[in-house]
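Visitor: The structure's right below; bear with me while I get my questions together.
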Amino acid sequence: MYVNLEKQGNIGILTMNRPEALNAINADVLKDLDAALNTIEQDEEIYVVIVTGGGKSFIAGADIAMMKDLSVAPAKVFITEGQRILTRLEDMGKPVIAAVNGFALGGGCELAMCCDIRIASEKAKFGQPEAGLGITPGFGGTQRLPRIVGLAKAKELMWTCRIIGAQEALEIGLVSKVVPAEELMNTAMELAKAIAANAQVAVRQCKAAANRGMQCDIKTGLAYEAEAVALCFATEDQKDAMQAFVEKRKLNGFKN
Ligand code: CO8
């Protein structure tokens, strides 16, 4: 299996597992990732997901050896499948944290950008080196990178193929935190646990409303928010949490 899924409490840890090729993505990796996403979606015990890479790399991109002889039609099939599966990660109801341990290049940077929050090890490296290989980014980079770092910075990175370190990724807003390599997984776990400790219907509605709102005008976004918050009033967790507040007592966990 090119993708491992392990559970620690309510946290699912998805590890890309093709270290001999720095976790480069081929059709089999995509298939295993798709299957792991099915498991995560169906497993009600998993509240939050962490994605990381096995070995020294997060993901060093799509598999260049596999792509080199592709003609237009098979390339389109691979691209469409990659976009579909990465968009599944972005659209997943549950929060997803990328713990970027090393190279996040090309398709690897694109996969990280589909996660809700990115935390980087000091050793992480990011970039879209596709133009140096005679192609454009194909797993969403031309669309998501400008939305995250701004249009001019995204074009600069895509045109020059410059690989940036974790600190620069932090400065341009591509990651939200940089930590020493040995603290990466603990930091991601602490963040995941903090999210998992809250009411999960509310957490998921926050994600859905925020993601949908980024694609539309603010009035439409506010309508999504109204739907999202109204729906929370149908949950026991909302009743319990507000009751506990007015009774000035600590809530003893959520039922979810
Ligand atoms: N594809 C296939 N194999 C890879 C890849 C890759 N992207 N990256 C690394 N590997 C392999 C190497 O070939 C090597 O294999 P072997 O040991 O059999 O020779 C092994 O992994 C270790 O790699 P290196 O020896 O090169 O390790 P270094 O530490 O010296 O270098 C680098 C690490 C800098 C990350 C280097 O491996 C590298 O530059 N890799 C390629 C990075 C890259 O250009 N990625 C972008 C790919 S294009 C892309 O992602 C497009 C996305 C979607 C478009 C779809 C279009 C159809």
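The values are calculated or read from the model by the stated rules, or taken from the named source; none is laboratory data. Note that the coordinates shown come from a computational prediction; the quantities given were computed from them, not determined experimentally. Cβ atoms come from the backbone with ideal geometry, glycine included; neighbour counts cover every protein chain shown.
Visitor: What single numbered condition from (1) assigned to a helix (DSSP H, G or I); (2) among the charged types (D, E, K, R); (3) assigned by the TED database to the domain that holds residue 77 fails to hold for residue 225?
Guide: Evaluating residue 225 over (1) assigned to a helix (DSSP H, G or I); (2) among the charged types (D, E, K, R); (3) assigned by the TED database to the domain that holds residue 77 leaves (3) as the failure.
Visitor: If I filter the stretch 22-30 for residues that are away from the ligand (no atom under 14 Å from the Cβ), buried (at least 20 other Cβ atoms within 10 Å of the Cβ) and either under 28 Å from residue 165 (Cα atoms) or in contact (Cβ under 8 Å) with a residue 24 or more places away in the chain (or both), do I get at least one hit? Even if it seems obvious, please write down each step before you answer.
Guide: We begin by selecting, within the stretch 22-30, every residue away from the ligand (no atom under 14 Å from the Cβ); these are none.
No, that holds for no residue.
Visitor: Moving on. Please specify each residue of the stretch 73-102 satisfying the condition of being of a type in the set (A, V, I, L, M, F, W, C) and assigned to a helix (DSSP H, G or I).
Guide: Of the residues in the stretch 73-102, the ones of a type in the set (A, V, I, L, M, F, W, C) are 73, 75, 77-79, 85-86, 89, 92, 96-100.
Those that are of a type in the set (A, V, I, L, M, F, W, C) and assigned to a helix (DSSP H, G or I): 73, 75, 77, 78, 79, 85, 86, 89.
Visitor: Could you list, in sequence order, all residues of the stretch 228-249 that are part of a loop (DSSP other than H, G, I, E, B) and either under 31 Å from the mean Cα position of the chain (by Cα) or buried (at least 16 other Cβ atoms within 10 Å of the Cβ) (or both)?
Guide: Kept after step one, since they are part of a loop (DSSP other than H, G, I, E, B), are these residues of the stretch 228-249: 233-235, 247-249.
The answer is 233, 234, 235.
Visitor: Could I ask something else about it? With 122, 130, 110 as the choices, which residue is away from the ligand (no atom under 13 Å from the Cβ) and farther than 20 Å from residue 193 by Cα? Steps first, please.
Guide: Values: 130 fails: away from the ligand (no atom under 13 Å from the Cβ); 110 fails: away from the ligand (no atom under 13 Å from the Cβ).
Result of the check over 122, 130, 110: 122.
Visitor: What residue, of 156, 182, 190, is over 30 Å from residue 45 (Cβ atoms), of a type in the set (Asp, Glu), more than 16 Å from the ligand (Cβ to nearest atom) and without any contact (Cβ under 8 Å) to a residue 60 or more places away in the chain? Steps first, please.
Guide: Numbers: 182 fails: over 30 Å from residue 45 (Cβ atoms); 190 fails: over 30 Å from residue 45 (Cβ atoms).
On inspection, the qualifying residue turns out to be 156.
Visitor: Return the only residue of 90, 6, 41, 81 being free of Cβ contacts under 8 Å to residues at least 40 places away in the same chain and either more than 14 Å from the ligand (Cβ to nearest atom) or farther than 26 Å from residue 199 by Cβ (or both).
Guide: Details: 90 fails: free of Cβ contacts under 8 Å to residues at least 40 places away in the same chain; 41 fails: free of Cβ contacts under 8 Å to residues at least 40 places away in the same chain; 81 fails: free of Cβ contacts under 8 Å to residues at least 40 places away in the same chain.
After ruling out the rest, the residue left standing is 6.
Visitor: From 75, 60, 98, 104, which residue is surrounded by 24 or more Cβ atoms within 10 Å (Cβ to Cβ), at pLDDT 95 or above and more than 17 Å from residue 157 (Cβ to Cβ)?
Guide: On the way: 75 fails: surrounded by 24 or more Cβ atoms within 10 Å (Cβ to Cβ); 60 fails: more than 17 Å from residue 157 (Cβ to Cβ); 104 fails: more than 17 Å from residue 157 (Cβ to Cβ).
Answer to the check: 98.
Visitor: Given (1) outside any strand (DSSP E or B); (2) touching a residue at least 24 places away in the same chain (Cβ under 8 Å), where does residue 70 come up short, assuming only one miss?
Guide: (2)
Visitor: Taking the stretch 37-57 as the region of interest, how many residues are surrounded by 13 or more Cβ atoms within 10 Å (Cβ to Cβ), among the charged types (D, E, K, R) and part of a loop (DSSP other than H, G, I, E, B)?
Guide: So the count comes out to 2.
Visitor: While we're here: Among 63, 34, 69, which is the only one that is touching a helix residue (DSSP H, G or I) at 6+ places or on another chain (Cβ under 9 Å), more than 22 Å from residue 163 (Cβ to Cβ), in the same structural domain as residue 182 (by the TED database) and not aromatic (Phe, Trp, Tyr)? Full working, then the answer.
Guide: Values: 63 fails: more than 22 Å from residue 163 (Cβ to Cβ); 69 fails: touching a helix residue (DSSP H, G or I) at 6+ places or on another chain (Cβ under 9 Å).
None of the other options fit; the residue is 34.
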